[in-house]
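The values are calculated or read from the model by the stated rules, or taken from the named source; none is laboratory data. What you are looking at is a predicted structure, and each value in this text was computed from that prediction instead of being measured. Counting neighbours? That spans all protein chains shown, and the Cβs are built from the backbone with ideal geometry, glycine included. When the accessible area is computed, the model is the full protein with side chains, heavy atoms only, and any ligands, DNA or RNA have been set aside. Shrake-Rupley method; radii C 1.70, N 1.55, O 1.52, S 1.80 Å.
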Amino acid sequence: MSQIKQMFELQQQLNDNTNGPEWSSGITKDGRYISWLRCIYMEATEAIDSFNWKHWKDIEAAHDLDNAKVELVDIWHFIMSEAIHFGDTQFAQGYENTKPERQANPELVIEILEKLVASASGANVDKSQNALYEITALFFKALATMSMDVPELYKRYLVKNQLNTFRQKHGYKEGTYIKNWGMVEDNVIAFRIMEEHPDLTPEQLYKELEKKYSLVI
């Protein structure tokens, strides 16, 4: 199975568990309206803020490239959700072999993300499927410009997906979930597990999270 196809399946499962099976119609199980497009452009602006673009502040500070990658993965969650909502996911598999640049180009990534924000916010008005295709194309262009390929996107997505699933099943909404595992946040632990065992399946990663969490509670 292609990694992009598997990510769509995992996103479908996560959304079903989090928002109820009716989420694909645009409404959560609690009756709240869903705007995946708004999620996309808000996350894209957060990704932009990962870069040191402010001419008046911390002008010598380095770009936070790792956080930019985290934000890109969050954007991908919402792009997939919008695609499932539209009923077309196969088109995204055309990006399976995206070729990454040799090194990240922060200035160009910012430009691409600004276009993505404009496209996603405009799509909130016309809601055309062509806008989804444009947003997805811009996303994978940003991904490549960040020197990322689909295998890296998959590994990072897998960590976030399984951690989100784990949180939901262990009281995140109820406020009983413990986010700090010892002196470290859960997302750091999850990424460490994946770095140490890069070939883990989603099920295996989830079991590893359960083992680690059992030492906390």
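Go through GLN103, PRO151, ASN187 and say which Cα lies farthest out towards the positive end of the charge dipole of the chain; charges sit on Cβ, +1 for Lys and Arg, -1 for Asp and Glu.
Result: ASN187, furthest along the dipole toward the positive end.
Just to verify a number: what accessible area does SER25 come out at with the full protein assembly present, 1.4 Å probe, Å² rounded to tens?
Number for this one is 80 Å².
Rank TRP53, TRP36 by accessible area, highest first, at a 1.4 Å probe radius? Kindly include the intermediate steps, with their values, before the conclusion.
Values: TRP53 115, TRP36 25 Å².
Greatest to least solvent exposure: TRP53, TRP36.
In square angstrom, rounded to the nearest 10, how much accessible surface does ASP30 have for a 1.4 Å probe?
About 120 Å², rounded to the nearest 10.
Using only the C-alpha atoms of region 66-217, find the volume of their convex hull and express it per residue in Å³. Intermediate results must be reported in sequence, preceding the final value.
Working: hull volume 21.0 nm³, N = 152.
It comes to 138 Å³ per residue, whole-number rounded.
Distance between the C-alpha centers of region 182-217 and region 58-74? Whole Å please.
23 Å
Keeping all protein chains in the complex and leaving out DNA, RNA and ligands, what accessible area do you get for TYR95 with a 1.4 Å probe, in Å² to the nearest 10?
TYR95 has an accessible surface of roughly 60 Å² with all protein chains in place.
Between LYS207 and MET183, what FRET efficiency comes out of the Förster formula 1/(1 + (r/R0)^6) with R0 = 30 Å and r the beta carbon distance, rounded to 0.05?
On the way: r = 23 Å, r/R0 = 0.78.
With R0 = 30 Å, the Cβ-Cβ based efficiency is 0.80.
Sorted by accessible area (1.4 Å probe), largest first, how do ARG38, ARG32, ARG102 line up?
Numbers: ARG38 115, ARG32 170, ARG102 235 Å².
Sorted descending by solvent-accessible area, the residues read ARG102, ARG32, ARG38.
Shape call for region 1-70 from the C-alpha gyration tensor, a ≥ b ≥ c root eigenvalues: rounded (a/c under 1.5), prolate (a/b greater than b/c) or oblate? Don't jump to the answer; show the numbers that get you there.
Working: a/c = 4.18, a/b = 1.96, b/c = 2.14.
Cα axes put region 1-70 in the oblate bin.
Round to a whole angstrom and tell me the spacing of the C-alpha centers of region 79-126 and region 135-154.
Using only Cα atoms, the two centres lie 8 Å from each other.
With r defined as the distance between the Cβ atoms of ARG38 and SER2 and R0 fixed at 41 Å, what FRET efficiency is calculated, to the nearest 0.05?
Details: r = 28 Å, r/R0 = 0.69.
The calculated FRET efficiency here is 0.90.
Using a Cα-Cα cut-off of under 20 Å, which lysines could be cross-linked to LYS5, ignoring same-chain neighbours fewer than 8 residues away?
LYS99, LYS141, LYS155, LYS160
Can you show me the helix-derived [θ] at 222 nm for the chain, built from DSSP H runs with n ≥ 4 at -39,500 (n - 2.57) apiece and divided by the number of residues, rounded to the nearest 500. Don't jump to the answer; show the numbers that get you there.
Working: 8 runs with 134 residues, N = 217.
Rounded to the nearest 500, the figure is -20500 deg cm²/dmol.
Tell me, what is the Rg over Rh of region 128-217, with Rh the Kirkwood radius over Cα pairs? The partial results should precede the final answer.
Details: Rg = 15.9 Å, Rh = 14.7 Å.
Over the Cα atoms of region 128-217, Rg/Rh equals 1.08.
So between LEU108 and THR176, what do we pick up on full extension, going 0.36 nm a residue minus the alpha carbon distance?
Values: separation 68, 0.36 × 68 = 24.48 nm, distance 4.17 nm.
Net length gain for the segment: 20.3 nm.
Given R₀ = 22 Å, FRET efficiency for ASP64-ASP149 by Cβ-Cβ distance, to 0.05? Numbers along the way, then the final one.
Details: r = 20 Å, r/R0 = 0.93.
My answer for the efficiency is 0.60.
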